[in-house]
Amino acid sequence: MVKFAWLCSHESYQPEELVEQAVLAEQAGFDTVLGSDHFHPWVDDTSAAGFVWSWLGTVAARTERVELGTSVTCPLFHYHPGLVAQASATVQRLSGGRLLLGVGSGEAINETPLGWEFPGYGERMGRMREALEIIRRLHDGEKLDFAGEYYKTTTAKLYSPPTSKVPTLLAAGGPKSAAFAGANADGLITSVKNPQDTIAKVIEPFRAAAAERGNHDPRILATRWTVLAGDEEEAWRALGPMRGLRAPGRLEAADPAVLRERADAMDRAEVLGSYTLVSDADALVEAYRPLVEQIDAEWVSIQVASNDPVATIKLIGENVLPRLRELAS
């Protein structure tokens with residue numbers, strides 16, 4: 001059965017608000033609650049950037065059933081991979097084994113403000129290979145001496161290790177990264193705009209690499225951003241904290257003010273056109289139907305920008321999740 005996730009956007013709401021969203025999402029029937037992880041947000045005017053690992057500990061204490069996860073954290077720069085191993089192991093214990101660790105190769109907004117240069121793709125993937133190995137070996141209980149090209153550990157050990165395996169899913173949007181995920185991670189996180197393109201360019205390379213590694217049942221989390229609004233003006237307000245996500249140079253920019261200026265210089269229709277705009281529960285069902293029927297994912301992440309997230313969670317719980325579960329059955 002497909003599990004449905006609600007994404008708590010740390011770029012859009014303060015952490016105390018997102019705790020209440022997570023609690024409400026569990027009550028509404030979601031199976032999983034995810035949190036994004038940013039040091040800086042996408043814009044500087046209507047935004048937030050709470051620390052996801054503190055937030056996850058609070059959500060673990062306030063919920064009973066839902067899985068928890070990061071979507072995604074970057075274990076390459078301002079987090080040493082050993083620190084991510086420790087943080088995830090602690091949340092896994094505090095939540096009674098409910099944690100998924102979603103990782104990605106990051107953006108400059110999270111690294112450059114803290115003194116790191118943000119390198120090209122090749123170095124980021126080299127770092128990711130080492131980081132995933134360190135995290136896995138520490139989770140497995142090793143006292144780890146590691147001397148890689150990018151990271152070093154000396155008798156590193158988790159003295160509060162996870163009580164069971166923590167699944168690690170890697171975000172990927174193209175064939176190269178997807179194959180890397182299949183070869184190095186337990187699963188894949190991928191954003192779906194055109195399902196057939198995603199299947200051909202991301203999921204098939206991921207599955208092939210996973211099978212070559214001996215993983216014949218790899219795990220997939222499929223995501224899609226939607227904007228719930230009655231018209232374009234309402235949609236633009238709802239998208240306020242996220243509009244920098246579509247600005248030119250988003251991977252390299254470090255200052256959210258720069259991304260805001262670039263996004264606001266764009267035509268609004270161009271920005272809105274990169275999201276799926278929906279006006280009601282019926283449209284939400286249709287927006288996520290392809291992810292349920294075509295992607296064969298274990299999780300479908302419902303990521304909705306709106307002007308009233310509490311009402312949106314309740315709407316989805318009452319009028320969207322039951323219908324999507326029927327499609328998945």
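Every number in this text was worked out from the coordinates using simple rules, so none of it is lab data. What you see is a predicted model; the values in this text were computed from it and never measured. Here Cβ is always computed from backbone atoms with ideal geometry, including for glycine, and neighbour counts include all displayed protein chains.
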_Karplus-derived 3J(HN,Hα), 6.51/-1.76/1.60, for each residue of the stretch 56-67, Hz, glycine and proline x_ = 4, x, 5, 5, 4, 6, 9, 10, 10, 10, 5, 5
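Taking every pair of Cα atoms in the stretch 108-221, average 1/r, invert it to obtain the Kirkwood radius, and report Rg/Rh to two decimals.
Numbers: Rg = 15.7 Å, Rh = 15.5 Å.
We get a ratio of 1.01 for the stretch 108-221.
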*Per-residue HN-Hα couplings for the stretch 298-311 [Karplus 6.51, -1.76, 1.60; θ = phi - 60°; Hz; x = Gly/Pro]*: 6, 10, 10, 8, 8, 10, 10, 8, 8, 8, 9, x, 5, 5
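When the chain is fully extended, how far beyond the present Cα-Cα distance does Glu133 get from Glu117, taking 0.36 nm per residue of separation?
Numbers: separation 16, 0.36 × 16 = 5.76 nm, distance 2.26 nm.
Separation in residues times 0.36 nm, less the Cα-Cα distance, equals 3.5 nm.
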*Rounded, prolate or oblate: which one fits the stretch 183-291, using the alpha carbon gyration tensor with axes a ≥ b ≥ c (rounded when a/c is under 1.5, else prolate when a/b beats b/c, else oblate)?*
oblate
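Could you size up the charge dipole of the chain around its Cα centre, putting +1 on the beta carbon of Lys and Arg and -1 on that of Asp and Glu, and report it in debye to the nearest 20? Mind dumping the intermediate values first?
Numbers: 32 positive and 45 negative charges, 230 e Å.
With only Lys, Arg, Asp and Glu charged at Cβ, the dipole is about 1100 debye.
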_With n ≥ 4 as the cut-off for DSSP H runs, can you work out [θ] at 222 nm for the chain, using -39500 (n - 2.57) per run divided by the number of residues, rounded to the nearest 500?_
-12500 deg cm²/dmol
*Which distance in nm do the two modelled labels at Ser279 and Ser54 give, with both placed 7 Å along the Cα-to-Cβ direction?*
4.2 nm
*Residue by residue, what Karplus-based ³J(HN,Hα) values in Hz, rounded to whole numbers, does the stretch 151-158 have, using 6.51, -1.76 and 1.60 with θ = phi - 60° and x for Gly and Pro?*
10, 9, 10, 10, 6, 6, 8, 8
_For a quick check: with amide H placed at 1.01 Å from N, whose amide H comes under 5 Å from Glu67's, ignoring anything fewer than 5 positions away on the same chain?_
Thr32, Val33
*Give me the aspartates and glutamates in straight-line cross-link reach of Lys314: C-alpha distance below 17 Å, same-chain residues under 8 apart excluded.*
Glu17, Glu20, Glu26, Asp31, Asp280, Asp282
_Stokes-Einstein D (µm²/s) once Rh is taken as the Kirkwood radius of the chain over alpha-carbon pairs, at 37 °C in 0.692 mPa s_ = 164 µm²/s
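For Lys157 and Arg62, what is the calculated FRET efficiency with R₀ set at 30 Å and r taken between the beta-carbons, to the nearest 0.05? Intermediate results must be reported in sequence, preceding the final value.
Details: r = 30 Å, r/R0 = 1.01.
Efficiency, from the Cβ-Cβ distance: 0.50.
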*Round to a whole angstrom and tell me the spacing of the C-alpha centers of the stretch 288-317 and the stretch 64-120.*
23 Å
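Could you tally up the Lys pairs in the stretch 124-243 with alpha carbons closer than 23 Å? Skip any pair fewer than 8 positions apart unless they're on separate chains. Present the calculation step by step, with values, prior to reporting the outcome.
On the way: Lys143/Lys152; Lys143/Lys157; Lys143/Lys165; Lys157/Lys165; Lys176/Lys193; Lys176/Lys201; Lys193/Lys201.
Lysine pairs meeting both conditions in the stretch 124-243 amount to 7.
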*What's the center-to-center distance, using Cα atoms, between the stretch 189-247 and the stretch 3-43 in Å?*
17 Å
*Have a look at Leu315, Leu188, Leu76 and tell me which one the Gaussian network model of the chain (Cα, springs below 10 Å) gives the largest fluctuation.*
Leu315
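Which percent, to the nearest 5, of DSSP beta bridges fully inside the stretch 1-147 are antiparallel?
Values: 0 of 11 bridges.
Percent antiparallel among DSSP bridges in the stretch 1-147 is about 0.
Could you rank the peptides 55-67, 79-91, 258-270 by their average count of other C-beta atoms within 10 Å per residue, with the highest value first? Before the final figure, lay out the partial values.
Values: 55-67: 18.3, 79-91: 22.2, 258-270: 15.4.
Descending packing order for the listed peptides: 79-91, 55-67, 258-270.
Rank by packing, highest mean first: peptides 273-281, 157-165, with packing defined as the count of other Cβ atoms within 10 Å averaged across residues.
Sorting 273-281, 157-165 by mean packing, highest first, produces 273-281, 157-165.
Averaged over every viewing direction, what's the projected area of the C-alpha convex hull for the stretch 1-148? Give it in nm², one decimal, please. List each step's numbers first, then the result.
Details: hull surface 39.1 nm².
For the Cα atoms of the stretch 1-148, the hull's average projected area reads 9.8 nm².
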